[in-house]
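What follows is a short report on a single structure.
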2 protein chains.
Amino acid sequence: MNTSGAELLAADLSADRLHAALRDPALASMNFLNEVAGRFPQAVPLAAGRPSEEFFDVDDLPRYLRIFCDHLAAEQGASAEIVRRTLFQYGRTKGIIHELIARHLARDEGVGVDPESIVVTVGCQEAMFLVLRALRTDEHDVVLSVSPGYVGLAGAARLADMPLRPVRENEDGVDLGHLVEQIERARAAGQRPRAFYLVPDFANPSGASLGLDARQKLLAIAAEHDLLLLEDNPYGLFPAEDGRRLPTLKALDTSRRVVYLGSLAKTCFPGARIGFVVADQRVAGTDGGSTLFADELAKIKSMLTVNTSPLAQAVAGGKLLEHDCSLVTANAREKQLYARNLRLLLEGLHRRFPPGGDHRVSWNTPDGGFFVVVTVPFTADDAALEYGARTYGVLWTPMSHFYDGRGGENQLRLSVSAVSPDEIEAGLDRLAMLIADLTGGTRATP
Amino acid sequence: MNTSGAELLAADLSADRLHAALRDPALASMNFLNEVAGRFPQAVPLAAGRPSEEFFDVDDLPRYLRIFCDHLAAEQGASAEIVRRTLFQYGRTKGIIHELIARHLARDEGVGVDPESIVVTVGCQEAMFLVLRALRTDEHDVVLSVSPGYVGLAGAARLADMPLRPVRENEDGVDLGHLVEQIERARAAGQRPRAFYLVPDFANPSGASLGLDARQKLLAIAAEHDLLLLEDNPYGLFPAEDGRRLPTLKALDTSRRVVYLGSLAKTCFPGARIGFVVADQRVAGTDGGSTLFADELAKIKSMLTVNTSPLAQAVAGGKLLEHDCSLVTANAREKQLYARNLRLLLEGLHRRFPPGGDHRVSWNTPDGGFFVVVTVPFTADDAALEYGARTYGVLWTPMSHFYDGRGGENQLRLSVSAVSPDEIEAGLDRLAMLIADLTGGTRATP
């Protein structure tokens, strides 16, 4: 083992003998973003993608727990002993709120799935890793992902030693021509494209959504090229004020082509760390029989985290039950808040950078979700971010962080989820000053 | 993609194109054990390794939560807003109860560690995977493990694509000669032995413990051969009635040779899914600087589960705080229960199979923990287990399940953790009948 540095003992380790994912620049850059946010706590957090805290209440937690326990007793006839065992002991690997999640999918998404095809996971991140780990048999298996894309998927892929091929976004959400091209290039290079990951609704980071027609075409491409679609849907319940919700890919899926990745982080709360995966694919065994893909994922989970905290599941389950398993109903206030904030941000940009001006600033208009992408006439990199935080007190995210390779150099992501209307106004004022400063225009007075 | 079977759609998958760990016989055999236990719910569970439920109380949960919130407010000066954010939002990747765990280690184990070197994990299973994933750079890295050994470690190793070399147990706990032999064999085969995994106190499945002298020798071997020791300590707080606790390897470790794997499953409750790893090793960077191994593990965790449920941590933290961070104090009743059960089981075996009889039944006498290994004059395999469950109503675990390859064919593991004194008596009566039956002696009347 190579060690260096006077303070190191022989026992210690060397970075070059640790897994390569640890030397990934993407990882360092995410740490940098967190570190900058930590260093400037007074800056307006237009970078933060976490949900609003406005409706969180510590007193809700014991009530959720009680509702879930009452449900076990009333609906499943559980004795006090069984209730206690369900919360305190190890539990079913695939989870204990799978039936409640299935009811949510039926009510809110019009998706009918067998609860047995659901695996409850430690956040959606574990679900991504389980799926990629299962699909990765050797170095030839690759996953395709929309680019710019969610860094968590890239992280899970690296941890599973699975190469990732980017697929471009366009005005329809995904450049389907580029998807086919990348599938064919991968095959030509001797690779097996196993799955394509995307967020069809109000994507992170771009805010883009796939139209209905594009969804149908994507399903056809997946069928033609024998590809699974990994549909991640953390923001789908939050359309814009005048927006509507389109059917999910899973709702349109008639041939078990879609593995649906769910998160309760934005619709329940992140601190429960509850996500799930719907994996209703049949897996043909070598003995002629078949199993559910969900059961194969559960086997991997048994080697990774054993099971998702029943205590945390019980609290999330109580919140689901309190709203008859509709997360749309449960999130009525949140939906309004995010849609209002999105409108305020877009209006605020419009006021500060009116059409026809020579500001060379533009942005997209998402149909919902947390994020807006702004294009600016300078390099929106880490240095610009830090300068803006220090000089003007505003935080945003360089879009280049969401590309695997080059891209987004002149773009930044703004988030509306964890800010108040006043903060949106103040944040945009400060951002406008930073833009003026870095564009070389007259420096505004803070 | 190869699919077969009339009910399969083109979208579906084939087992031979999923990760090899899913075809591991060890996995199938663990599923078999769970399945048998499920099919015979009335059988006496001398197989179950889960903790006693006797002291679990659903009403404790809100109190633990309140204690933790009060602690945040009182000790850390957190506002109501910060308390709410701590429980509901995403949190620190390395966890939020690291300081409480550090206090527990100081109080109960005499181990002084910087809280920053602790990563709170989703059970100890995630901690194992994080460590192995970090140490696995390519196909040459291998981990050594005591055999018979905990199946969770074997599972984590397979999931990390890391070969495992078994090291024999002997009357001193571990055959240190065989350890050195296996290190040398691995090196000769072009492999890099990175770490040796063991449970020094009251091991699962064997109940064996390492003597103080063997602990010192093991640390010396690890230093000489540049190996990390992965010390797993789920049962250390539960010595036998006349037993004593030896210092952990981590307490004896003066050169950061030991990575300590902790579990709160048996000392708090499994449903919180809280484990932790102490990784105070320094990692030399390529730039001349150095980081904590814990921070490298946290980077992997950020790609795997993001963070451990703050809600679950808060509940576990409340239990720690209620007992001034001493799990010895918190588990006074549990310690007594397990020690009594272990005595009753050993006395019961002694009465049924007295010394000098021609029964050809023998067993070890662990110094504590949950498990006793019984040697019998027949093949104690899955068929015998199922036969015993069906015919005599008793469950136990074939020791062969804990070997990677051959071993333990005539041995079975009995567990005392989830049974009452009456169940121990009844279970041993039934086991004695099964033994008489399978040995070919006179069949006893049920």
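Return the only residue of A:A294, A:A284, A:A316 being at negative phi and surrounded by fewer than 24 Cβ atoms within 10 Å (Cβ to Cβ).
Of A:A294, A:A284, A:A316, the one residue that is at negative phi and surrounded by fewer than 24 Cβ atoms within 10 Å (Cβ to Cβ) is A:A284.
Which residue, of B:T137, B:T121, is within 9 Å of chain A (Cβ to nearest Cβ) and in a strand (DSSP E or B)?
The conditions single out B:T121.
Would you mind stating whether A:D358 is more than 20 Å from A:N170 (Cα to Cα) and modelled with pLDDT under 95?
yes
Given the conditions (1) out of contact with any Phe, Trp or Tyr (no Cβ under 8 Å at 6 or more places or on another chain); (2) at pLDDT 95 or above, and given that B:V119 satisfies all but one, which numbered condition is not satisfied?
Failing condition for B:V119: (1).
I need the full set of residues from the range B:398-426 which are assigned to a strand (DSSP E or B) and touching a Pro at 6+ places or on another chain (Cβ under 7 Å), in order please.
Matches in the range B:398-426: B:L412, B:R413.
Just to be sure before I move on: is B:D242 over 20 Å from the mean Cα position of the chain (by Cα), free of Cβ contacts under 8 Å to residues at least 40 places away in the same chain and at the interface with chain A (Cβ under 9 Å from one of its Cβ atoms) in the structure I sent?
On the way: over 20 Å from the mean Cα position of the chain (by Cα): yes; free of Cβ contacts under 8 Å to residues at least 40 places away in the same chain: yes; at the interface with chain A (Cβ under 9 Å from one of its Cβ atoms): no.
No; evaluated as a whole, the condition is false for this residue.
What is the residue count in the range B:288-312 for residues that are more than 9 Å from every other protein chain (Cβ to nearest Cβ) and farther than 21 Å from B:F88 by Cα? I'd like the intermediate steps shown before the answer.
Step one: filter the range B:288-312 for residues more than 9 Å from every other protein chain (Cβ to nearest Cβ), giving B:292, B:294-295, B:297-298, B:301.
Now restrict to residues that are farther than 21 Å from B:F88 by Cα: B:292, B:294-295, B:297.
Number satisfying all stated conditions: 4.
Residue check, A:G91 against (1) away from chain B (no Cβ under 13 Å); (2) at pLDDT below 95; (3) crowded, with 17+ Cβ neighbours inside 10 Å, all met but one. Which one?
Of everything listed in (1) away from chain B (no Cβ under 13 Å); (2) at pLDDT below 95; (3) crowded, with 17+ Cβ neighbours inside 10 Å, A:G91 misses just condition (1).
How about the range B:266-279: which of its residues are touching a strand residue (DSSP E or B) at 6+ places or on another chain (Cβ under 7 Å) and within 11 Å of chain A (Cβ to nearest Cβ)?
Across the range B:266-279, the qualifying residues are B:C268, B:R273, B:I274, B:G275, B:A279.
Restricted to the range B:153-203, and to residues that are on the phi > 0 side of the Ramachandran plot and buried (at least 18 other Cβ atoms within 10 Å of the Cβ), which residue is modelled with the highest pLDDT?
B:F202
Yes or no: the range B:110-133 includes at least one residue that is surrounded by fewer than 24 Cβ atoms within 10 Å (Cβ to Cβ), under 22 Å from B:L212 (Cα atoms) and of a type outside the set (A, V, I, L, M).
yes
Please name all residue pairs, on different chains or six or more residues apart, with Cβ atoms under 8 Å, provided the first residue is in the range B:256-268 and is over 14 Å from B:Q125 (Cβ atoms) and the second residue is assigned to a loop (DSSP other than H, G, I, E, B) and charged (D, E, K, R).
Taking only residues 6 or more apart or on different chains, the pairs are B:R256/A:D12; B:R256/B:D280.
When the range A:274-289 is examined, which residues are found to be more than 19 Å from A:E231 (Cα to Cα) and of a type in the set (D, E, K, R)?
Of everything in the range A:274-289, just one residue is more than 19 Å from A:E231 (Cα to Cα) and of a type in the set (D, E, K, R), namely A:D287.
Going through the range B:79-93 one residue at a time, which ones are of a type in the set (G, A, S) and within 22 Å of A:T267 (Cβ to Cβ)? Talk me through it step by step, then tell me what you get.
So in the range B:79-93, the residues of a type in the set (G, A, S) come out as B:79-80, B:91.
Correct list: B:G91 only.
The values are calculated or read from the model by the stated rules, or taken from the named source; none is laboratory data. Remember, predicted model here, so these are calculated numbers, not experimental data. Virtual Cβ from ideal backbone geometry, glycine too; neighbours counted across all protein chains shown.
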